[in-house]
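Undergrad: So that we are looking at the same thing, I have put the structure below in structure tokens.
The values are calculated or read from the model by the stated rules, or taken from the named source; none is laboratory data. Keep in mind the model is a prediction, meaning the values are calculated, not measured. Cβ coordinates were reconstructed from backbone atoms using ideal geometry, including for glycine residues, and neighbour counts include every protein chain displayed. The accessibility values were calculated without ligands, DNA or RNA, using every heavy atom of the protein model including side chains. Shrake-Rupley method; radii C 1.70, N 1.55, O 1.52, S 1.80 Å.
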Amino acid sequence: MKQKHDNPILVTGAAGAVGGIGRNLTEFLLARGHKVRALVRREDKRAEALRQLGADVVQGDLTDLASMHRAVEGCKRIYFGMSVSAAYLEATINTAAVARDHGVEAFVNMSQMTVSQMSISETTDSPQHKLHWLAEQALSWSGLPVVTMRPTVFLEGFFLTLAGGVRASDELALPMGDGKTSPISAVDVALAVAAILDDPAPHIGQIYDLTGPESADLDHYARAFSEALGRPIRYRDVPLAAWSEGLRRMRFPEHVVNHLSAMTELNRQGRYDRLTDTFYKLTGKAPTNMRDFVKLHAAEFEQRGTPE
């Protein structure tokens, strides 16, 4: 396919884990005829898979000035996204400073929907939320041509990565109370970002809140699991302290544990009961619903006997 532009689009976090946007975004941009420079932290199978897709893979660190100059040089459009990390703010400003130096025409920043409910006098108990809020402030001061994406909870997060209980005991065991939430697939978020990077000019300066197609409580989503898997799945509201301890046993870093724990508490308070049609406006498609998502990942929810 003829390339649309001579300049590659930089995609950070391109080799991200489950729920990562970068890899899907790389694939979507290549399919649209763009050159993609994929930034990875290390050379491994995931980096090689990106090369097989047709990306120019560069190894680098978002907090390292020299490696970001190498990554950004020659790119006019940037997607900036980073997994939950205590170094998030440093990485954002480091990348933004280099992007400004190179005169980019679009900087798409992956933030979080919770930021829209924060202010100079109100934050949340999540250190990551505070870093996202500060990063947005710095980017707005930077003079860069920024587009801000604020998705809600990812389906791949709470409902795939943390849903081991569905396999082991046919239950969604999460400390989310009876609060409603409107999770969106990271694949859908990548699709929305691809649409913006394809033609960024109309989107510069905009903030986009992204949700899934419905806002509902966990009992509702347990029924969607039941329908998709053909066996009864129930929701069990579990105590937060024990759940958080379980994350620590799974070797999640403390910064991540604090962030996920704060998210469940906000859900309990009804702070994730949000619904927008932004995804449809950006892509012309309906976002993936829970039932279809579970069907797509059915093999990962199959019972595997006694957990090890």
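Undergrad: Among the aliphatic types (A, V, I, L, M) and in a loop (DSSP other than H, G, I, E, B): does that describe residue 275?
TA: So residue 275 fits the description; yes.
Undergrad: Identify the single condition in (1) assigned to a helix (DSSP H, G or I); (2) aliphatic (A, V, I, L, M); (3) in contact with a Pro (Cβ under 9 Å, 6 or more places away or on another chain) that residue 286 does not satisfy, given that it satisfies every other one.
TA: The one condition residue 286 does not meet is (1).
Undergrad: Return yes or no: is residue 254 open to solvent by 80 Å² or more (accessible area, probe 1.4 Å) and not polar (S, T, N, Q)?
TA: The answer is yes for residue 254.
Undergrad: Residue 101 - would you say it is at pLDDT below 95 and either within 21 Å of residue 200 (Cβ to Cβ) or in a loop (DSSP other than H, G, I, E, B) (or both)?
TA: No.
Undergrad: Would you be able to tell me the number of residues in region 80-98 that are touching a helix residue (DSSP H, G or I) at 6+ places or on another chain (Cβ under 7 Å) and modelled with pLDDT of 90 or more?
TA: Looking only at that region, the number is 10.
Undergrad: Moving on to the next point. Any residue at all in region 266-281 that is crowded, with 20+ Cβ neighbours inside 10 Å and out of contact with any strand residue (DSSP E or B) (no Cβ under 8 Å at 6 or more places or on another chain)?
TA: Taking every residue of region 266-281 in turn, at least one turns out to be crowded, with 20+ Cβ neighbours inside 10 Å and out of contact with any strand residue (DSSP E or B) (no Cβ under 8 Å at 6 or more places or on another chain).
Undergrad: Moving on to the next point. Report the residue count in region 189-209 for those that are open to solvent by 30 Å² or more (accessible area, probe 1.4 Å) and part of a loop (DSSP other than H, G, I, E, B). Please lay out each step first, then the result.
TA: Looking only at region 189-209, we keep the residues that are open to solvent by 30 Å² or more (accessible area, probe 1.4 Å), and these are 191, 198-199, 201-209.
Filter once more, so that each one left must be part of a loop (DSSP other than H, G, I, E, B): 199, 204-206.
Total meeting the criteria: 4.
Yes/no matrix, rows are residues, columns are (1) part of a loop (DSSP other than H, G, I, E, B); (2) farther than 28 Å from residue 161 by Cα; (3) open to solvent by 50 Å² or more (accessible area, probe 1.4 Å); (4) touching a Phe, Trp or Tyr at 6+ places or on another chain (Cβ under 6 Å):
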| site | (1), (2), (3), (4) |
| --- | --- |
| 27 | no, no, yes, no |
| 37 | no, no, no, no |
| 42 | yes, no, yes, no |
| 47 | no, no, no, no |
| 68 | no, yes, no, no |
| 79 | no, no, no, no |
| 90 | no, no, yes, no |
| 96 | no, yes, no, no |
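Undergrad: Residue 105 versus (1) free of Cβ contacts under 8 Å to residues at least 60 places away in the same chain; (2) of a type in the set (Asp, Glu); (3) surrounded by fewer than 18 Cβ atoms within 10 Å (Cβ to Cβ): which is the lone unmet condition?
TA: (1)
Undergrad: Name every residue in region 142-159 that is touching a Pro at 6+ places or on another chain (Cβ under 8 Å), assigned to a helix (DSSP H, G or I) and at pLDDT 90 or above, in order of residue number.
TA: 155
Undergrad: Right, another one. Please work out if residue 212 is open to solvent by less than 30 Å² (accessible area, probe 1.4 Å), outside any helix (DSSP H, G or I), of a type in the set (Gly, Ala, Ser) and under 25 Å from residue 81 (Cα atoms).
TA: When the stated conditions are applied, residue 212 passes them.
Undergrad: Restricting attention to region 54-63, report how many residues are open to solvent by 60 Å² or more (accessible area, probe 1.4 Å) and at pLDDT below 95.
TA: 2
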